[in-house]
DNA sequence: ATTTAGTCTACTAAACTAATAGACAATGCT
DNA sequence: AGCATTGTCTATTAGTTTAGTAGACTAAAT
């Protein structure tokens, strides 16, 4: 399950992507526009900044803005920063691999084999989708149809 | 992330599948074989029984056994019983749909559009894979190669 | 210097996870 | 009938995670 934190983070990112190139946006503005508790949002944006996904400016005229163009920021990256690895088991994570203590032979663990498929499918979607893609998909949905109706 | 509970549950299911048709297996045997705390395993098996995935017999010669042949028990079903919905967001779950309170228009929520893809990909894998498939995959892995090397 | 706006550390209530404990109920055997 | 065996059910708990809140601090602009 995606946490509230990731959900808030993704919402904030879409706001910042829409406003990309127009200078910094205030935390409070994002919080108000998306109905996110302001203090909580501060922590979230800070984490994203420490990862280089966002940049910020202090003082008057300050605020947050994207560290890269929206078509270069991957949804998977945002979620990994805020929620941790995408993998359903640490032993199938590529970015945060950890052996299972109890596991006798990792290569022949049935659960692992299946969960690796799940992790790969999830990562494929989330790492191929950028924030720009997400906005585009919303645009298409607003026009009454989803991209998938065409691309399949 | 899969919980310990689901992991234990899946391990127990593979033991019971291997022994399918050979009469009931003791909770304690499963616990010992897989290194699962016995009392915890009781609760897990009970939940699976209440869903009809397992059956049990009390008294001497009793124990647990599969409610259906291993090729008719889907991994997705087991995980849903023990961990809840597969979907990363309640609003994209098919088996446990719940609207997001804050969501203005569900059809044009970018996060939802992407997360629906993730849920569909995950559900496709876990609902198409049976316990028998999982055992088969392990067999193939033991023989030094994975089914995927052939089927793709 | 003052105001504006992000930064950093600490704290907390509620929920969830991973168990543990123990009384109870059904079944098979002698 | 009585006893051992094995699953059932309810309660409790320590530890962790989640979703915030509070407040002092720091940098930039005017």
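The values are calculated or read from the model by the stated rules, or taken from the named source; none is laboratory data. All figures in this text were calculated on a predicted structure; none of them were measured in a lab. Please note: Cβ atoms are built from the backbone with ideal geometry, for glycine as well, and neighbour counts cover all protein chains shown.
See the values below:
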item: Tally, over the range B:68-88, of residues that are within 16 Å of DNA strand C (Cβ to nearest atom) and more than 26 Å from residue A:101 (Cα to Cα); result: 3
item: Cross-chain or 6+ apart pairs with Cβ under 7 Å, the range A:1-23 first and within 10 Å of DNA strand D (Cβ to nearest atom), then modelled with pLDDT of 95 or more and outside any helix (DSSP H, G or I); result: A:1/B:88; A:2/B:88; A:2/B:89; A:8/A:36
item: Contacts under 7 angstrom Cβ, first residue in the range B:115-127 being more than 8 Å from chain A (Cβ to nearest Cβ), partner part of a helix (DSSP H, G or I), 6 or more apart; result: B:116/B:92; B:119/B:92; B:123/B:76; B:127/B:76
item: Of all residues in the range B:91-111 being in contact with a helix residue (DSSP H, G or I) (Cβ under 7 Å, 6 or more places away or on another chain) and buried (at least 21 other Cβ atoms within 10 Å of the Cβ), the one that is nearest to residue A:141 (Cα to Cα); result: B:110
item: Those residues of the range B:52-79 which are over 14 Å from residue B:130 (Cα atoms), more than 9 Å from DNA strand D (Cβ to nearest atom) and surrounded by 14 or more Cβ atoms within 10 Å (Cβ to Cβ), in sequence order; result: B:65
item: Candidates A:16, A:45 - the one that is within 14 Å of chain B (Cβ to nearest Cβ) and within 13 Å of DNA strand C (Cβ to nearest atom); result: A:16
item: Selected residue (only one of A:78, A:111 is out of contact with any strand residue (DSSP E or B) (no Cβ under 8 Å at 6 or more places or on another chain) and either within 19 Å of residue B:4 (Cα to Cα) or within 8 Å of chain B (Cβ to nearest Cβ) (or both)); result: A:111
